[in-house]
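What follows is a short report on a single structure.
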Amino acid sequence: MKVYAIGNLKGGVGKTTATVNLAYSFSKLGKRILVIDLDPQCNCTPFFTKANNQGFTVNDVLLNPGSIKKAIYRTKYNNIDIIKGDTTIEAFPELFSLKTSLQAIEDAYDICLIDTRPVFDNLTKNALYAADVMLTPIKFDNFCRDNLAMVEDMYHLVMEKNKSLEWKVFANMTANGIAQRTASIDLLAKHEYPFLESCISRTTIADNALNLYKPVMKHRSRSIIAEDFMDLAKELLEI
């Protein structure tokens, strides 16, 4: 099982959107997917199942890694299961709780996607210590350079505990505006960040799908952004 932690230290860059749409794209490619909602805001959970704290949640998994099988729920989509988020999640779990729990189910899934929050706390560390890849969506704006520098520092700190962790970056909500082109050219020319080739377009289709709690491919299967997420999924599988 390949574990991806979707992480960034800035909000509004599309971490949850990426988690949801990559899960759906991977599933359409025949992969067995486990989604873990590790953000106390629980924004990822409603895309797949009813958001509530009834039954087992990710909080139970963090407190008792042996309970992970009880916390996995089938979703309305084939090949996608979820561990629901929890608004009352334990803020200071053991740092390797998630890694320990995932070892018990590593043969049941091809891919695990962990949605994190934009804070480098013990919850995020749990995700990154368990992950094979830290996948960072960014927006090309005036803040992206400083943002990526902070994420790079976080990555190197995590590498002290998880030496095999890879870091991949992809551009999200891309457009052809002059300011965005200038920011992207400047960033790519002066830094050697591990950018993927795939980019995700900015489109109102994404907003509409988000409001309906649907993956974009389920909402508009032939849209550009649906194709973008499929391209990103395929590129990740080729790595």
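The values are calculated or read from the model by the stated rules, or taken from the named source; none is laboratory data. Bear in mind the structure is a predicted one, so any value in this text is a computation, not a measurement. Reconstructed Cβ throughout: ideal geometry from the backbone, glycine too, with neighbour counts over all protein chains shown. Just so you know, the surface numbers come from the protein's heavy atoms only, side chains and all, with ligands and any DNA or RNA stripped out. Shrake-Rupley method; radii C 1.70, N 1.55, O 1.52, S 1.80 Å.
Do the conditions hold for GLU152, that is, is it open to solvent by 50 Å² or more (accessible area, probe 1.4 Å) and more than 19 Å from the chain's Cα centre (by Cα)? Working first, answer last.
Details: open to solvent by 50 Å² or more (accessible area, probe 1.4 Å): yes; more than 19 Å from the chain's Cα centre (by Cα): no.
Judged against the criteria, GLU152 is not a match.
Can you list the helices (runs of 4 or more DSSP H) found entirely within segment 7-103 that contain at least 1 residues being basic (Lys, Arg), within 30 Å of ARG202 (Cβ to Cβ) and over 13 Å from the mean Cα position of the chain (by Cα)? Talk me through it step by step, then tell me what you get.
Working: elements: 15-28, 58-63, 97-103.
Counting at least 1 such residues, we get 15-28.
Rundown of residues vs (1) surrounded by fewer than 22 Cβ atoms within 10 Å (Cβ to Cβ); (2) of a type in the set (A, V, I, L, M); (3) within 22 Å of VAL13 (Cβ to Cβ), yes/no style:
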| site | (1), (2), (3) |
| --- | --- |
| ALA91 | yes, yes, no |
| GLN103 | yes, no, no |
| THR116 | no, no, yes |
| ASP141 | yes, no, yes |
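Any chance you could count how many residues in segment 126-153 are touching a residue at least 24 places away in the same chain (Cβ under 8 Å), under 17 Å from PHE195 (Cα atoms) and not aromatic (Phe, Trp, Tyr)?
16
Looking at LYS31, is it among the charged types (D, E, K, R) and within 18 Å of MET217 (Cβ to Cβ)? Walk me through it before giving the result.
Details: among the charged types (D, E, K, R): yes; within 18 Å of MET217 (Cβ to Cβ): yes.
In short, yes.
From LYS76, LYS99, LYS70, grab the single residue that is open to solvent by 20 Å² or more (accessible area, probe 1.4 Å), in contact with a helix residue (DSSP H, G or I) (Cβ under 6 Å, 6 or more places away or on another chain) and either in contact (Cβ under 8 Å) with a residue 24 or more places away in the chain or more than 14 Å from ASN126 (Cα to Cα) (or both). Write out each step before concluding.
On the way: LYS76 fails: in contact with a helix residue (DSSP H, G or I) (Cβ under 6 Å, 6 or more places away or on another chain); LYS70 fails: in contact with a helix residue (DSSP H, G or I) (Cβ under 6 Å, 6 or more places away or on another chain).
Result of the check over LYS76, LYS99, LYS70: LYS99.
Restricting to segment 55-67, name every residue that is more than 18 Å from ALA91 (Cβ to Cβ) and either surrounded by 21 or more Cβ atoms within 10 Å (Cβ to Cβ) or in contact with a Lys or Arg (Cβ under 9 Å, 6 or more places away or on another chain) (or both). Explain how you work it out, then say what you get.
At the first step, the residues of segment 55-67 found to be more than 18 Å from ALA91 (Cβ to Cβ) are 55-56, 66-67.
GLY55, PHE56, listed by residue number.
List pairs: first residue in segment 213-239 and free of Cβ contacts under 8 Å to residues at least 40 places away in the same chain and among the hydroxyl-bearing types (Ser, Thr, Tyr), second residue open to solvent by 90 Å² or more (accessible area, probe 1.4 Å) and part of a helix (DSSP H, G or I) anywhere in the structure, Cβ distance under 7 angstrom, at least six positions apart or on different chains.
none
Within the set of pairs 6+ apart or on separate chains, which have a first residue in segment 1-29 that is closer than 16 Å to PHE140 by Cβ and crowded, with 23+ Cβ neighbours inside 10 Å, a second that is modelled with pLDDT of 95 or more and small (Gly, Ala, Ser), and C-beta atoms under 6 Å apart?
Cβ pairs passing all conditions: none.
Please name all residue pairs, on different chains or six or more residues apart, with Cβ atoms under 7 Å, provided the first residue is in segment 31-48 and is within 12 Å of ILE80 (Cβ to Cβ) and the second residue is assigned to a helix (DSSP H, G or I) and open to solvent by 10 Å² or more (accessible area, probe 1.4 Å).
Here the result reads ILE33/SER27; CYS44/THR16, each pair linking segment 31-48 to a residue that is assigned to a helix (DSSP H, G or I) and open to solvent by 10 Å² or more (accessible area, probe 1.4 Å).
Keeping to segment 119-139, report how many residues are acidic (Asp, Glu) and open to solvent by less than 40 Å² (accessible area, probe 1.4 Å). Please lay out each step first, then the result.
As a first pass, look at segment 119-139 and keep what is acidic (Asp, Glu): 121, 132.
Filter once more, so that each one left must be open to solvent by less than 40 Å² (accessible area, probe 1.4 Å): 121.
Final tally of qualifying residues: 1.
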